[in-house]
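Note sheet for the following structure.
The values are calculated or read from the model by the stated rules, or taken from the named source; none is laboratory data. Just so we're clear, the structure is a prediction, and the values are computed from it rather than from any experiment. Quick note on the areas: whole protein, heavy atoms, side chains included, nothing else; ligands and nucleic acids left out. Shrake-Rupley method; radii C 1.70, N 1.55, O 1.52, S 1.80 Å.
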Amino acid sequence: SEKLLKTSYSVHCEGRAIDWHMDARDKKKKRQAMHLMRKELLATDKLGKLRENFTTPLPQKYIDAFREIDQDPNVELIVVEDDRGQIIGTFQMTFLRSLIYQGGLAAQIEAVRIRDDLRGKGFGKQAIKWAIARATEKGAHIVQLTSHKERTDAIEFYRKLGFEATHEGMKLKL
């Protein structure tokens, strides 16, 4: 990883993963990322279609969430770009300090999305490998993620990258 700004990192392969903070002053890039997430990543997701709101303009709660994420030093919203600088995906990393593992730091990966037409071309694999390297760089002792049980392709994808189903996760909707 090459350090770009205080909290920004980039990896250059066929595609690039750059954290949201790098483009904090680039309003056009932020708008592109929010549009892509709403119209192409969440709206085409079979589970996202059931729980997200895709109205135009984008509801304020999404904009507020982007701002809050951008200000939290323990959360990084990653934008995945192809070699032409086109945003093709996103994911979020949250770094959690805990009292277990001797006060260890865990990296949680969430909301992984790659454009449908580019799946199977290696961008997701590059992004997750970048995330693992980023977690290592920050001193995390573990990288964890969850995937809905219906996402069997995603679960197999993560297994191939070395992730193991070691815990039974539970949620309580409020």
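Percent of C-alpha pairs per 5 Å bin in the range 117-158, short distances first: 5, 20, 23, 23, 18, 9, 2. With a 1.4 Å probe rolled over the protein heavy atoms of all chains, the accessible area of M170, M93 falls in the order M170, M93, largest first.
For H141, the accessible surface of its heavy atoms amounts to roughly 80 Å² (probe 1.4 Å, protein chains only, rounded to the nearest 10).
Gyration tensor analysis over the Cα atoms of the range 86-174 returns equivalent ellipsoid semi-axes of 23, 17, 12 Å (largest first, whole Å). Sorting Y101, Y62, Y158 by solvent-accessible area of protein heavy atoms yields Y101, Y62, Y158, largest first, with a 1.4 Å probe.
Amide hydrogen proximity for I142: with H placed 1.01 Å from N in the peptide plane, the residues at 5 or more positions away or on another chain lying under 5 Å are A107. Of the whole protein surface, E164 contributes about 150 Å² of accessible area at a 1.4 Å probe radius.
For the range 65-126, the solvent-accessible area works out to 54 Å² per residue, with a probe of 1.4 Å and every protein chain left in place.
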